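*Asks:* One structure is given below, represented as structure tokens, and several questions about it will come after.
The values are calculated or read from the model by the stated rules, or taken from the named source; none is laboratory data. If you're wondering where the values come from, they're calculated on a predicted model, not measured in any experiment. We place every Cβ from the backbone using ideal geometry, glycine too, and count neighbours over all the protein chains shown. Just the protein is used for accessible areas: all its heavy atoms, side chains included, with ligands, DNA and RNA removed. Shrake-Rupley method; radii C 1.70, N 1.55, O 1.52, S 1.80 Å.
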Amino acid sequence: MLFTILLIVTILLNIWTIINSLFLLPLVSPNQLSASPKVSLLVPLRNEEENVEGLIKSLKNLTYPTVEVILLDDHSTDATYSLLLTETEKDPRFTIYKGKELPKGWNGKVHACHQLSQMANGTYYLFLDADARVAPSVIEQTLATMERHNASMLSGFPHYPNNHFLSHMLVPLQHMVVQLHLPLAVANFTKRPLFTAACGIFIIIEREVYEFIGGHESVKDSLVEDVHLAREVKRHGYKMILANITPSVLSYMYDSAKETWEGFTKNIYTGLGRSVPMVIGLSLFYSFVFLVPVGFVIVALIEESWLYILPYLLTVAFKMFVDARTGHPLWLALLIPVSILLLISIMISSMLVHLRGRTYKWKGRSYE
């Protein structure tokens with residue numbers, strides 16, 4: 001009976017993901033853009049010396065004709081600021097500022113983005129993380145996509161070329177979670193705030209809409225400001241869309257296992273609405289769908305009844321489909337039980353930090 005239920009669930013999982021993925025909007029051809037409004041590309045940087053050279057090289061290759069690039073050094077304790085000066089020398093598109101002190105009640109990155117918006121002059125604001133690298137025509141593609149869908153904001157999850165095991169196991173799951181849990185047709189074709197996802201690595205928004213909703217100040221204390229900003233856009237009656245940006249944007253999100261664990265711990269419980277029932281419910285669901293099949297693989301080996309392997313193969317097929325669409329190595333799908341076990345562990349760890357009254361640590365700052 002348990003095997004039959006599991007088999008049905010994993011079959012439905014694949015069918016749902018394939019159908020749902022059809023509504024993850026692709027970026028359209030840059031040739032379809034009808035005008036070239038000024039874009040302010042805004043990048044906050046805090047202790048990003050290892051990313052400066054690659055970031056600036058990527059931004060210098062942008063082909064969009066009317067772009068200003070504003071870079072803000074947010075109290076870095078490494079060589080970020082001096083490297084920014086060196087790498088952008090004699091290029092008039094780049095302006096560099098030093099950030100102000102972090103006010104009480106603000107998230108560090110949110111305050112940096114707020115300052116950047118106050119210095120910008122574009123019709124559109126493109127917020128980009130320092131670890132991102134973009135295709136030369138990404139601005140044209142993004143604006144053309146927003147124009148086609150009459151959207152005021154666009155975001156997406158980039159391709160993640162991970163360089164260590166924990167990052168390989170966890171970071172690509174962002175794509176999986178979105179395509180599994182978010183009804184993308186509702187997210188992209190309605191203005192319901194609840195059905196929204198966004199990724200702060202890449203967000204572009206109309207300036208007028210950004211100012212109307214109160215900008216980053218409206219989400220100043222959020223640890224998942226990207227999602228909350230997107231919800232504010234929809235709550236005020238504007239359209240926000242989620243696109244598949246993986247062919248045009250990549251992100252070297254975490255440099256080490258320690259950074260990966262701290263980053264996910266900081267965000268995941270808040271992203272789940274700080275809901276204990278949600279953590280318990282997802283942990284049970286993931287355990288049944290992705291971990292129980294491993295038990296049936298063992299049964300198959302013992303009893304030499306290979307039918308019992310089918311649920312595991314279906315979960316691998318599900319993950320492989322998502323990874324193929326988002327540019328990640330297909331071998332990762334074979335280790336989906338390991339990824340899920342780590343995800344459950346980090347959800348529980350993140351929840352316990354909050355329940356015990358401790359603070360989340362990120363880049364030398366503490367957050368409640």
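*Asks:* Distance between the C-alpha centers of segment 232-309 and segment 77-108? Whole Å please.
*Replies:* 33
*Asks:* Under the classification rounded if a/c is under 1.5, otherwise prolate if a/b is larger than b/c and oblate if not, where does the chain fall, given a ≥ b ≥ c as square roots of the Cα gyration tensor eigenvalues?
*Replies:* Details: a/c = 1.85, a/b = 1.59, b/c = 1.16.
Prolate, since a/c reaches 1.5 and a/b exceeds b/c.
*Asks:* Ok, one more. Once fully extended, how much extra length lies between Lys191 and Phe23, figured as 0.36 nm per residue of separation less the alpha-carbon to alpha-carbon distance?
*Replies:* Between Lys191 and Phe23, full extension yields 59.0 nm more.
*Asks:* Assuming R0 = 45 Å, what is the FRET efficiency of Asp221 and Ile302, from their Cβ-Cβ distance, to the nearest 0.05? Working shown, then result.
*Replies:* Details: r = 53 Å, r/R0 = 1.18.
It comes to 0.25.
*Asks:* Can you give me the accessible area per residue for the chain, using a 1.4 Å probe, in Å²?
*Replies:* 43
*Asks:* Here's another thing I want to ask about it. Give me the percent of the accessible area of the chain that comes from carbon and sulfur atoms, probe 1.4 Å, all protein chains in place.
*Replies:* Values: 9560 of 15990 Å².
C and S atoms contribute 60 percent here.
*Asks:* Using only Cα atoms, find the angle between the long axis of helix 310-326 and the longest principal axis of the chain, and express it within 0 to 90 degrees, rounded to the nearest 10.
*Replies:* Once rounded, the angle reads 10 degrees.
*Asks:* What angle, in degrees between 0 and 90 and rounded to the nearest 10, separates the Cα long axis of helix 49-60 from the longest principal axis of the Cα atoms of the chain?
*Replies:* 70
*Asks:* Right, next: Note down the accessible area of Glu50, probe 1.4 Å, to the nearest 10 Å².
*Replies:* Looks like 140 Å² after rounding.
*Asks:* Is segment 273-323 best put as rounded, prolate or oblate by its Cα gyration tensor, with a ≥ b ≥ c the root eigenvalues, rounded for a/c under 1.5, and otherwise prolate when a/b is larger than b/c, oblate when not?
*Replies:* Cα axes put segment 273-323 in the oblate bin.
*Asks:* From the Cα gyration tensor of segment 56-97, with a ≥ b ≥ c the square roots of its eigenvalues, which class applies: rounded if a/c is under 1.5, or else prolate if a/b is larger than b/c, or else oblate?
*Replies:* prolate
*Asks:* Please give the length that would be gained between Asp78 and Leu313 if that part of the chain were fully extended, namely 0.36 nm times their separation in residues minus their C-alpha to C-alpha distance (nm, one decimal).
*Replies:* 79.9 nm
*Asks:* Cα axis of helix 292-303 to longest principal axis of the chain: angle in degrees, 0 to 90, nearest 10?
*Replies:* Result, in degrees: 40.
*Asks:* What spacing in nm lies between the two simple spin-label points modelled at Lys258 and Ser36, each 7 Å away from Cα in the Cβ direction?
*Replies:* 4.6
*Asks:* Ranked from the most accessible area to the least, with a 1.4 Å probe and all protein chains present, what is the order of Phe189, Phe285, Phe296, Phe290?
*Replies:* Largest accessible area first, the list is Phe189, Phe285, Phe296, Phe290.
*Asks:* Another question about this same structure. Taking 35 Å as R0, compute the FRET efficiency from the Cβ-Cβ separation of Leu335 and Leu355 and round it to 0.05. Provide the component values of the computation, followed by the final result.
*Replies:* Values: r = 30 Å, r/R0 = 0.85.
According to the calculation, E is roughly 0.75.
*Asks:* Give, as a single signed number, the net charge of other residues whose beta carbon lies under 13 Å from the beta carbon of Glu225, with Lys and Arg counted +1 and Asp and Glu -1.
*Replies:* That works out to -1.
*Asks:* While we're on this one: As a check on your grasp of the helix formula, calculate [θ] at 222 nm for the chain: sum -39500 (n - 2.57) over DSSP H runs of n ≥ 4, divide by the residue count, round to the nearest 500. Show your work: numbers first, answer last.
*Replies:* Values: 15 runs with 177 residues, N = 368.
Taking each H run of at least 4 residues, the total per residue is -15000 deg cm²/dmol.
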